[in-house]
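Asks: Take this structure, written in structure tokens, and hold onto it; I'll ask about it next.
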Amino acid sequence: MQDRRRRDRGPKGRPLDDAALAEVRALLGAGERRRDLLIEFLHMIQDRYGHLSAQHLRALAEDMRLSQAEVYEVASFYDHFDVVKEGEASPAPLTIRVCDSVSCMLAGAETLLAELQAGADPAAIRVMRAPCMGRCAGAPAARIGDREVDHATAGNLLQMVDAGEIRVRVPAYIGLDAYRSTGGYRLLQSIRDGAVTTDGIIAMLGNAGLRGLGGAGFPAGKKWGFVRSYPGPRLMSINGDEGEPGTFKDRIYLEKDPHRTLEGALIAAHAVEAERIYFYMRDEYPAVLAILRTEIAALETAGLVEPGFIELRRGAGAYICGEESAMLESIEGRRGMPRHRPPYIAEVGLFGRPTLNHNVETLWWIRDIVEKGPEWFAGLGSPDHPGVRSWSVSGRVKEPGVKLAPAGVTVRELIEDHCGGMADGHEFKAYLPGGASGGILPASMGDIQLDFGGELAKQGAFVGSHAVVVFSQADNIRDVTLNLMKFFKHESCGKCTPCREGTEKLVTLLKQVGPLPESNIRDLEMVMRDSSICGLGQAAPNPVNHLLTHFRSDL
Amino acid sequence: MANGITFTLDGKTVTAAQDETIWDVARREGTKIPHLCHVDMPGYRPDGNCRACMVDVEGERVLAASCIRKPTAGMVVKTDTERARKSREMVFELLASNMRPAAKGPDQQSLFWQWASSMGIAQGRFESRFAVDDMRPEFDVTNPAIAVNLDACITCGACVRACREVQVNDVIGMAQRGNHSVPVFDMHDPMGLSTCVTCGECVQACPTGALYEKSLMDETGRTRVVQEFDKVIDSVCPFCGVGCQTKVAVKDNRIVQIDGRDGPANESRLCVKGRFGYDYAMSPERLTKPLIRRDDAPKAGEIDLRGVDPLTIFREATWEEALERAAGGLKRIRDEHGGKGLAGFGSAKGSNEEAYLFQKFVRQGFGTNNVDHCTRLCHASSVAALMEGVGSGAVSAPFMDALKADCVIIIGARPATNHPVAATYFKQAAKRGTKLIVMDPRGQEMMRHAAYSLRFKPGSDVAMLNALLHVIIDEKLYDEQYIQANVSGFRALEAKVKDFSPEAMAEVCGIEADVLRQVARTYAKAERSMIFWGMGVSQHTHGTDNSRCLIALALITGHVGRAGTGFIRCAVRTTCRGLPMPGSSRCISPTTSRWRTLISAPVREFLGPDARSEAWADRCRDRGCHSRRRDPRHVHHGGEPGDVGSRPEPCPCGPRQTGTSGGAGHLPDGDGMACRCGFAGIGPCRKTRHLHQHQPAGADRPACTRPARRGAARSRPDRRARQPHGTGLELRPCLGSLHRDGTGDAFAEAHLLGTHRTRGIRRLSSRRT
């Protein structure tokens, strides 16, 4: 036997460093090392040391009584964690992330990246690509440290670095006192007092036609009924991780009037008798995180919620965690892998309990619907398309931003009536009706009423999170498609073959020079649609399908 | 079947059991659906990620993964629609696109290629993912036995489940995301430098050969070269006491691979020893010819022969010469000094058959009872305590019952190192919520899964355990009913541990009083608790006392005799546990022995005249028999010349022999009368080799209906019956427990492996394993 191990070699694998263990313990404090707080602990170490060294991860594993693999596999899943092993260089002290998703691509993100990389000292600044940061109306967007920047240029970014403007900047928003002074939380109180019943609210939401505004469009009140039908204890989650490229409405609402969402959440939690609310928030929104921390603490101080009832959780840079079951996995401290359905999360959700999950904006409307009446809300739309929606419009329009417009509005109406028309020198050519996964439609289909189902569905498209990106003659749709497919390839969780392999193969095929092998592409599309576990894989082929159907001239 | 779920599968009405998936039912019905990530072995849950098993469910928007989907009543499932078939083929094509051609790959006979070739999957239409993006497939041969070729990896996660859920070594994780997803060891470390213990479960689970045995591959560890085996033999692992069943593949008279077989003790799992520890069989250092010491070589006990050419000390000889030399020498000593000049010491590395032959050789050949066994050191102390407290040296539960237990104490054992496959069940139980309590002066791996880890001062076991007993008695956590029905001596125990409060013992054993209390409460209050102990308890100056404490813990809390309760002594070697057990009628390891004890005489030494407890004092202390003295139904095996370990001495409950002079078995209350089977006289009935309690003559006795032991029947009873009694033949008693024949007359058969009703354990199954 050749391999004779030297005696007394000690235990196998990476030894534990006592100093690192002491540092981790001091940093994490005396609290319980709950398994589901793993991602929060990783954030603490990343924030403090700028990266996750192998020794710190080993110490964290020891402290949490996990194995090294269990900690490493979670840390390596998320974009915002930098694992640095022995012998590897830790990243530069400051990171500038430049968005390279579709709206920012239109606004010159590639040039910005190149200029930055040329102009920044790599020992001091790390320049990175990043997927959609939810600042599409201010494209090209960037983030220096924790400071989010709109209309970024290489020049002003480097200037800000020199000036030390790298801390989070919290915009002015309606705080707790201001919110209460205009009637905030009175509805919650009356519900808690029993003046309004849960069934009553469910009926109102149904009449108003409030549907899930994260993309699935499920009737909100109906969901409450499902969750309530399963025995408790029940839990609630707020999905603040909507990261569909082109979407920024959630950020706008939380940066403007966060308590409206919180009150809606507390009302919903009361309705399903949830024992706790987990607010899972995109880590790409540092300002929103700061606001929520402050305001949740304020609610606790004011006695409106029990301390700890609303638990804020940071995402860590993974679009897939906006998918509700993947989000629950992330809240449980795991890799964000979507679960198999059935069972649905209303029955078996967070920690195996029935869970109610809502998008930020869905909750935002609850107070208005109840106070002003469902007819008011429904009437903002039309009989076929009740209700109003928040459209995140970006791209080649004069005035991009969040536009409140009725459900069933057309893209032409959005452009002309809400965005001041196309930008100068740009002619309307194509648009994304629902972010990267809703497909690409030509201008000739610009009069389709945008809503869940309907004509859009017949065209193989959907509104999803209502993120509309407008293209002009300056944009080659094949390039747009490639940009979207690269996004999906980067964000695929990797669990199932059709999505993991399909997104990668589609990018490779789109990149190649010359005519596209269309039957190969159609085969990929077929297996992704029919056999992917979750919506990412099922919807990812949409842009490619439309490219081959409507934009053959761009091939 | 009742409560089944009826649905339609490919036009046929079928019924599924509650926990069956569509794939399970399809297989049962003879429809083969391709599968990759679904590992069809016990202990593996389906994961539904490879999407190779897609089927069409009527009315659903997308296809369903049959391996993970459970049917509902009335569901209409079709496996062979165009849509499902094309999806499955695309899945295989996409996976194959990243791999080398089968013949050049790590295993062309892997499950993946078996399916791919049967489906006619071709490579070449799509570019490999390793050709783009500067991605290089990982190749790692740092592990001495396993080759890692990750270009064949389909990230199905079977290896992750193998390592994290089946073996629970927690070394493998699935790291990164998207098409960078990759199985990793620890923090993406080389396998040979990680905490991997090379149990090989991942190799067994991997469907593509991405993780594969080097022994079947070429020197570089890239391609399988051993394609066929000359034979595959069903066997059992020769190493520890778990008794994992194996399949040994042989080629050119060499072992080339060992795989796990689905046995009751291991469910297809193995550890590094069982799977890869076979190279010693082919080692060039093995003795192949008999060697006799050279006349010019001095005899010295301290010579270290490692690395020394044996031919400098020994010379080759023929078998005849060597046997002559050995037998002649032994005979000479026997003739000069008599039997007592010789002794034999057996080992549990031998098989049961070898052990039997060896003791026969010593007793009959040497004519002495000077034979002992390595289990003297390992188990004698535990066995003594068990015989005393429970009346049986057997374990009372299989270790897999840990999965049914709510609380498991592990003391004096390091199962993760010494009984790795048994440890997997403990770890699985811990992950499912069973509270593990690990007591070990040294830290050990199981402590990571433990609710309580007690690193007590070495040697202070009794102090610590008595403190636990104190808490249980003091806080009235004992099972009153159980004690009244089955246990004697409780009052004495209570009095004894009165002074052993946790506060008093904390200093002695080095565990905080608070922890001792919590541990005692956890153990006592759990619905089902088990104790698993090992050599740390028994290879000990007061191992018997240690074991007594543990048995007391189980008996006063009633945690014995039900599923998920009881105690287990882990046996170090294959036949350790079985061989010495004077009282076992239930052995869980397929290798343990049913045969008689070899340690009767020394046990008696243990069971000395000093009573250790009231219960103990009440017991007849004759060799192995622990009946209550007053119990008329127990029989002493005293006096037969050939009787194993017997000594012609009076029964301690008062000589009641009649007409014997230490000859045949005597009866405590009877008078040597005719055996009901007709043998008039005293001594074992020659017909069946049973020892019967002799009934008063004249009464009409029914014939014994208990069948003879299988062993006895098999070994030509006729011939034995003709042999005179007392030739040293091993008595092989009937394996039964005390029974009544219903007429009120006591009729019992003496048995040496008795599970007496009066003991603290309920009657165990008389079915032998």
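The values are calculated or read from the model by the stated rules, or taken from the named source; none is laboratory data. All values reported here derive from a predicted model rather than from experimental measurement. Using ideal geometry, Cβ is built from the backbone for each residue, glycine included, and neighbour counts are taken over all protein chains shown. The area values use the complete protein model at the heavy-atom level, side chains included, leaving out ligands, DNA and RNA. Shrake-Rupley method; radii C 1.70, N 1.55, O 1.52, S 1.80 Å.
Asks: Heavy atoms only, probe 1.4 Å: what % of the accessible area of chain A goes to carbon and sulfur, would you let me know?
Replies: Carbon and sulfur atoms account for 50 percent of the accessible area of chain A.
Asks: Can you tell me which of B:501-508, A:56-63 comes out highest on packing, and rank the rest after it, using the mean Cβ neighbours within 10 Å?
Replies: A:56-63, B:501-508
Asks: Using a 10 Å cut-off around each Cβ of peptide A:340-353, what is the average number of partner chain Cβ atoms that fall inside?
Replies: Counting other chains' Cβ atoms within 10 Å and averaging over A:340-353 gives 1.
Asks: Right, next: Accessible area drop of at least 40 Å² (1.4 Å probe, protein heavy atoms): which residues of region A:480-506 qualify, relative to the chain alone?
Replies: A:Lys489, A:Lys495, A:Thr497, A:Arg500, A:Glu501, A:Glu504, A:Lys505
Asks: Set the Förster radius R0 to 45 Å, insert the Cβ-Cβ distance between A:Glu416 and A:Ala203 as r into 1/(1 + (r/R0)^6), and round the FRET efficiency to 0.05.
Replies: 0.75
Asks: Shifting gears a bit: Report the per residue volume, in Å³, of the convex hull enclosing the C-alpha atoms of chain A. If you can, show how the numbers build up before the last one.
Replies: On the way: hull volume 103.7 nm³, N = 555.
Cα-based convex hull of chain A, divided per residue, equals 187 Å³.
Asks: To continue, here is another question. Counting partner chain Cβ atoms within 10 Å of every residue's Cβ in A:528-539, what's the average?
Replies: Taking all residues of A:528-539 together, the mean is 4.
Asks: Can you give the FRET efficiency to the nearest 0.05 for A:Leu16 and A:Gln189, using r as the Cβ-Cβ distance and R₀ = 35 Å?
Replies: That pair, A:Leu16 with A:Gln189, gives E of 0.10.
Asks: For the peptides B:266-274, B:405-413, what is the packing order when you average, over each peptide's residues, the other Cβ atoms within 10 Å and list the highest mean first? All intermediate terms of the calculation are to be shown ahead of the outcome.
Replies: Values: B:266-274: 24.0, B:405-413: 26.0.
Sorting B:266-274, B:405-413 by mean packing, highest first, produces B:405-413, B:266-274.
Asks: How big is the antiparallel share of DSSP beta bridges in chain A, given as a percent to the nearest 5?
Replies: Antiparallel bridges: around 40 percent, rounded to the nearest 5.
Asks: Between region A:321-398 and region A:252-300, how far is it from one alpha carbon centroid to the other, in angstrom?
Replies: 14 Å
Asks: Related question: Please sort through the DSSP H helices of chain A and keep those with an alpha-carbon extent of at least 18 Å along the long axis and a Kyte-Doolittle average not below -1.0. Let's see the in-between values first.
Replies: On the way: long enough: A:258-271 (20 Å, 0.16); A:286-301 (23 Å, 1.08); A:477-491 (21 Å, -0.19); A:497-511 (21 Å, -0.35); A:518-531 (19 Å, -0.84).
Qualifying helices, which must be both long enough and hydrophobic enough, are A:258-271, A:286-301, A:477-491, A:497-511, A:518-531.
Asks: How much accessible area per residue does chain A have, in Å², with a 1.4 Å probe?
Replies: 37 Å²
Asks: Please check region A:42-71 for residues whose accessible area, probe 1.4 Å, is lower by 30 Å² or more when all protein chains are in place than in their chain alone.
Replies: Residues of region A:42-71 that lose at least 30 Å² of accessible area once the other chains are added: A:Arg65, A:Ser67, A:Gln68, A:Ala69, A:Glu70.
Asks: For B:Lys498, list the lysines whose Cα falls under 17 Å from its own Cα; do not include residues on the same chain fewer than 8 positions away.
Replies: Cα-Cα hits under 17 Å: B:Lys476.
Asks: Now, a different point. Test of understanding: what is the full-extension gain from B:Ala504 to B:Met135, defined as 0.36 nm times their sequence separation minus their Cα-Cα distance? Each step should come with its number before you reach the end.
Replies: Values: separation 369, 0.36 × 369 = 132.84 nm, distance 6.40 nm.
Working it through step by step, the gained length comes to 126.4 nm.
Asks: Next question. Could you tell me the center-to-center distance, by alpha carbons, between region A:90-114 and region B:19-48 in angstrom?
Replies: Between the Cα centres of region A:90-114 and region B:19-48 lies a distance of 46 Å.
Asks: Which percent of the accessible area of region B:229-374 is formed by carbon and sulfur heavy atoms (probe 1.4 angstrom)?
Replies: Answer for region B:229-374 is 54 percent, counting heavy atoms of protein chains only.
Asks: For region B:326-465, compute the orientation-averaged projected area of the C-alpha convex hull (one quarter of its surface), in nm².
Replies: Mean projected area of the Cα convex hull: 11.4 nm².
Asks: What is the sum of charges, Lys and Arg at +1 and Asp and Glu at -1, for the other residues whose Cβ falls under 15 Å from the Cβ of A:Gly212?
Replies: So the environment of A:Gly212 carries a net charge of -3.
Asks: Going by average Cβ neighbours within 10 Å, how do the peptides A:181-192, B:173-184, A:103-114 rank, with the highest at the top?
Replies: Per-residue mean Cβ counts within 10 Å order the peptides as B:173-184, A:103-114, A:181-192.
Asks: With r as the distance between the Cβ atoms of B:Asp304 and A:Val196 and R0 = 60 Å, compute the FRET efficiency 1/(1 + (r/R0)^6) and round to 0.05.
Replies: Between A:Val196 and B:Asp304 the formula returns 0.10.
Asks: Something else: Tell me the volume per residue, in Å³, of the convex hull enclosing the alpha carbons of region B:147-213.
Replies: Convex hull volume per residue, Cα atoms: 77 Å³.
Asks: Once neighbouring chains are kept in place and the probe is 1.4 Å, which whole percent of the accessible area of region B:16-63 is contributed by carbon and sulfur?
Replies: 45 percent
Asks: On average, how much accessible surface per residue is there in region B:447-548, in Å², for a 1.4 Å probe, leaving out ligands, DNA and RNA?
Replies: 44 Å²
Asks: Rounded to the nearest 100 Å², what's the accessible area chains B and A bury against each other, both chains counted, probe 1.4 Å?
Replies: On the way: alone 35170 and 22590 Å², together 53240 Å².
Heavy-atom accessible area buried at this interface is about 4500 Å².
Asks: For peptide B:188-194, how many partner chain Cβ atoms fall within 10 Å of a residue's Cβ, on average?
Replies: Whole-number average of other-chain Cβ neighbours for B:188-194 is 4.
Asks: Note down, for region A:394-543, the three equivalent ellipsoid semi-axes (square root of 5 times each alpha carbon gyration tensor eigenvalue), biggest first, whole angstrom.
Replies: Values: eigenvalues 157, 60, 32 Å².
Those come to 28, 17, 13 Å.
Asks: List the lysines whose alpha-carbon lies under 16 Å from that of B:Lys78, not counting same-chain residues fewer than 8 positions away?
Replies: B:Lys78 reaches B:Lys12, B:Lys32, B:Lys70, B:Lys86.
Asks: I want to check the label-to-label distance for A:Ala114 and A:Glu371. Put each point 7 Å from Cα in the C-beta direction and report it in nm to one decimal.
Replies: 5.2 nm
Asks: From the P(r) of region B:216-264, could you give the percentage of C-alpha pairs in the tail past 13 Å?
Replies: That tail contains 61 percent of the Cα-Cα pairs.
Asks: Do the sum for chain A: with -39,500 (n - 2.57) for every DSSP H run of n ≥ 4, divided by all residues, what is the mean residue ellipticity at 222 nm, to the nearest 500 deg cm²/dmol? Display every interim value, and only then the final one.
Replies: Values: 24 runs with 228 residues, N = 555.
Per the formula, -12000 deg cm²/dmol.
Asks: Next question. Using alpha carbon centroids, what distance separates region A:457-487 and region B:75-140, in Å?
Replies: 31 Å
Asks: Under a 1.4 angstrom probe, counting protein chains only, how are A:Ile296, B:Ile333 ranked by accessible area, largest first?
Replies: Reading off the accessible areas and sorting them downward yields B:Ile333, A:Ile296.
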